[in-house]
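Accompanying notes for the structure given below.
The values are calculated or read from the model by the stated rules, or taken from the named source; none is laboratory data. Computed from a predicted model, the values in this text were never measured in an experiment. Every residue, glycine as well, gets a Cβ built from its backbone with ideal geometry; the counts of neighbours run over all protein chains shown. When the accessible area is computed, the model is the full protein with side chains, heavy atoms only, and any ligands, DNA or RNA have been set aside. Shrake-Rupley method; radii C 1.70, N 1.55, O 1.52, S 1.80 Å.
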Amino acid sequence: MALVPEQVREPTAEPSLEEFNLEAAVDEPERVVPAIEFRNVRLAFDDKVVLDGVSFTVRRGETKIILGQSGGGKSTIIRLILGLLKPDSGEILIDGEEITHHSELDMMPVRQKIGMVFQEGALFDSLSVYENVAYRLREQGVDEEEIEPEVRRMLQFVALEYAIEKMPSELSGGMRRRVGIARALIGDPQIVLFDEPTAGLDPPTARTICELAIELRDLQDVSSIFVTHDMNNLRYLSSEYAVVDEEGIVSFEKEGERLCLINTEVLMLRDGKINFQGTDEKLRQSSDAYIKTFIHGK
Amino acid sequence: MNPITKFLFELQEVSLLLWRVFIGLFRGPRYLDEFVKQMDIIGVGSLPIVLLTGFFTGGVLVLQTFPTLQYYGVHSETGRSVAVSLIRELGPVLSALMVSGRIGAAISAELGSMVVSQQIDAMRALGTDPLKKLVTPRVIALIVMLPLLTVAADIFGIIGGGSVASYIYGQDHNSFIASVRDGIASQDLIGGTIKPFFFGLIIGGISCHKGLSTTGGTVGVGTSTINAVVLSSIWVIVFDFFLSKAIQSILGQGTL
């Protein structure tokens with residue numbers, strides 16, 4: 001499980017991920033294999049080094065929040081995971097499969113396992129909301145009869161079923177992102193990548209998108225990377241968890257009320273290198289001047 | 001990057017793109033719906049402007065050549081002169097230039113917009129190869145439709161020429177048609193139909209490459225569109241010269 005009872009662990013206590021993995025491995029051996037793994041990845045565009053020896057893992061059911069300045073290589077990590085870019089050196093593994101040297105053709109089945117939420121939604125302008133969300137299943141040759149209920153389920157998840165017939169140009173910025181989330185989640189991928197999904201949105205809509213990410217993490221056991229430079233996103237994702245009651249109603253509780261979060265970690269990039277990796281508590285306690293400036297804005 | 005290196009690099013990129021389109025034809029998935037849609041946009045959509053261009057080009061050819069031919073007493077050969085000019089050169093080249101302006105710009109702008117709004121990345125992330133979904137149907141539709149458009153332009157050009165010869169210069173219809181029939185050789189028809197295949201390849205390759213290599217936001221889309229139209233138009237005209245020479249060498253000089 002992604003959450004542990006509060007009486008077992010203090011809310012501010014250091015989460016023991018090794019212990020967590022050991023327990024999980026006994027029940028489900030495949031969970032030991034990380035969903036995403038970067039091993040000493042390096043990438044440069046001409047003379048500009050974008051990533052310099054980056055190594056990290058995202059375990060199953062874990063959310064990795066990647067922080068850093070604009071142009072610091074955050075989105076590049078996501079593009080590398082999808083195989084949209086290739087690293088100069090190092091290794092990238094998805095579900096234990098090395099994809100570093102995969103061709104475009106070899107990447108197609110890997111990409112089927114991954115949902116991607118783009119910064120501006122990246123909806124196909126010429127397709128309706130329904131067709132956008134149905135896109136992946138149609139490409140896989142799924143029958144239209146099976147596609148429609150699945151599209152409706154996903155649009156219900158993002159509370160946009162009423163917009164099913166609309167075109168992307170008729171949607172607000174927040175709605176476009178939510179349709180982008182529905183499109184990414186169709187087919188129930190076990191890895192979801194969020195590339196600054198709340199950038200430029202009003203706080204309530206940004207909060208809604210964070211809640212969707214929390215639901216995926218806590219209720220659907222999805223591994224995810226959440227790229228952001230908004231500290232509010234960090235606060236929501238690292239201090240709240242989703243619970244569902246007998247009637248299926250989802251609610252959000254603060255860490256420490258009943259459970260303690262151990263499935264969310266922060267990774268901070270600076271000049272292409274990992275500047276920090278650990279829990280949000282450790283991030284806030286850090287004495288590093290750059291981290292302090294990043295958190296407090298001065 | 002110096003201009004020669006840049007030219008060679010671009011040539012390599014366009015050639016690789018077209019090679020990948022060719023290789024991709026032998027494996028699925030195949031987007032037949034998209035292919036039919038593009039044939040409609042490129043073929044049916046371009047028909048009015050191509051017919052209009054053909055009609056008035058034929059008309060103006062007769063308008064300009066009839067007095068000269070009449071001066072030499074060979075105005076009965078006007079039909080032959082117009083038909084050969086249209087079928088060998090003007091029909092294929094003008095149709096290609098019109099399609100390059102209309103479709104080359106549209107392809108480059110559409111693909112460029114998709115690149116800058118991350119739709120191409122989204123497509124790849126959703127497990128679709130943009131080359132097969134977007135490039136192949138457009139290139140193949142151009143290769144199929146441009147020869148058909150050229151034939152239509154040729155026919156309307158001859159009709160335009162005949163109309164001017166008849167209604168302005170008072171030449172007999174039958175005399176004009178007989179002159180056209182006598183003037184056209186099989187190598188003219190073959191050469192005039194082969195050229196548009198290559199022009200379709202040039203327009204499709206350059207426009208798709210320019211669109212997919214767009215950088216720099218909406219300004220970049222504008223630049224790509226301009227480059228796509230200018231480069232494909234220039235290359236149609238340059239390639240036409242070499243293609244004409246090759247066709248002459250292979251099929252013979254033809255008459256006139």
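So which residues in segment B:116-129 are buried (at least 20 other Cβ atoms within 10 Å of the Cβ) and more than 7 Å from chain A (Cβ to nearest Cβ), if there are any at all?
B:I120, the sole residue that qualifies.
Do we have any residue at all in segment B:196-216 that's more than 23 Å from the chain's Cα centre (by Cα), within 14 Å of chain A (Cβ to nearest Cβ) and open to solvent by 30 Å² or more (accessible area, probe 1.4 Å)?
Yes: one or more hits.
Answer yes if at least one residue in segment A:51-74 is within 21 Å of A:G180 (Cα to Cα), in a helix (DSSP H, G or I), within 14 Å of chain B (Cβ to nearest Cβ) and open to solvent by less than 20 Å² (accessible area, probe 1.4 Å), and no otherwise.
No, that holds for no residue.
Could you tell me which residue of segment A:113-133 is nearest to the chain's Cα centre (by Cα), considering only residues that are more than 9 Å from chain B (Cβ to nearest Cβ) and in contact (Cβ under 8 Å) with a residue 60 or more places away in the chain?
A:V117
Mind listing whichever residues of segment A:156-173 are under 18 Å from the mean Cα position of the chain (by Cα) and either surrounded by 20 or more Cβ atoms within 10 Å (Cβ to Cβ) or within 14 Å of chain B (Cβ to nearest Cβ) (or both)?
In the first step, residues of segment A:156-173 are kept if they are under 18 Å from the mean Cα position of the chain (by Cα); the result is A:157-158.
Across segment A:156-173, the qualifying residue is only A:V158.
When only residues in segment A:136-147 that are more than 19 Å from the chain's Cα centre (by Cα) and either part of a loop (DSSP other than H, G, I, E, B) or within 27 Å of A:V58 (Cα to Cα) (or both) count, which is farthest from the other protein chains (Cβ to nearest Cβ)?
The initial filter retains those residues of segment A:136-147 that are more than 19 Å from the chain's Cα centre (by Cα), namely A:137-147.
Still in the list and also either part of a loop (DSSP other than H, G, I, E, B) or within 27 Å of A:V58 (Cα to Cα) (or both): A:137, A:140-143.
Numbers: A:L137: 10, A:Q140: 7, A:G141: 8, A:V142: 12, A:D143: 16 Å.
Top of the filtered list is A:D143.
Go through A:A163, A:A206 for me and flag whichever is under 21 Å from A:V222 (Cα atoms) and in contact with a helix residue (DSSP H, G or I) (Cβ under 9 Å, 6 or more places away or on another chain).
Result of the check over A:A163, A:A206: A:A206.
Contact list please: Cβ distance under 6 Å, first residue in segment A:158-174 and free of Cβ contacts under 8 Å to residues at least 12 places away in the same chain, second residue among the hydrophobic types (A, V, I, L, M, F, W, C) and not in a loop (DSSP other than H, G, I, E, B), pairs at least six apart or on different chains.
A:E161/A:L155
Listed residues B:G58, B:G73; which is open to solvent by less than 70 Å² (accessible area, probe 1.4 Å) and in a loop (DSSP other than H, G, I, E, B)? Full working, then the answer.
Details: B:G58 fails: in a loop (DSSP other than H, G, I, E, B).
Exactly one of B:G58, B:G73 is open to solvent by less than 70 Å² (accessible area, probe 1.4 Å) and in a loop (DSSP other than H, G, I, E, B), namely B:G73.
Within the set of pairs 6 or more residues apart or between chains, which connect a residue that is free of Cβ contacts under 8 Å to residues at least 60 places away in the same chain and closer than 22 Å to B:G222 by Cβ inside segment B:111-130 to a residue that is polar (S, T, N, Q) and in a helix (DSSP H, G or I) with Cβ atoms less than 8 Å apart?
Between residues of segment B:111-130 that are free of Cβ contacts under 8 Å to residues at least 60 places away in the same chain and closer than 22 Å to B:G222 by Cβ and residues that are polar (S, T, N, Q) and in a helix (DSSP H, G or I), the close pairs are B:Q119/B:S113.
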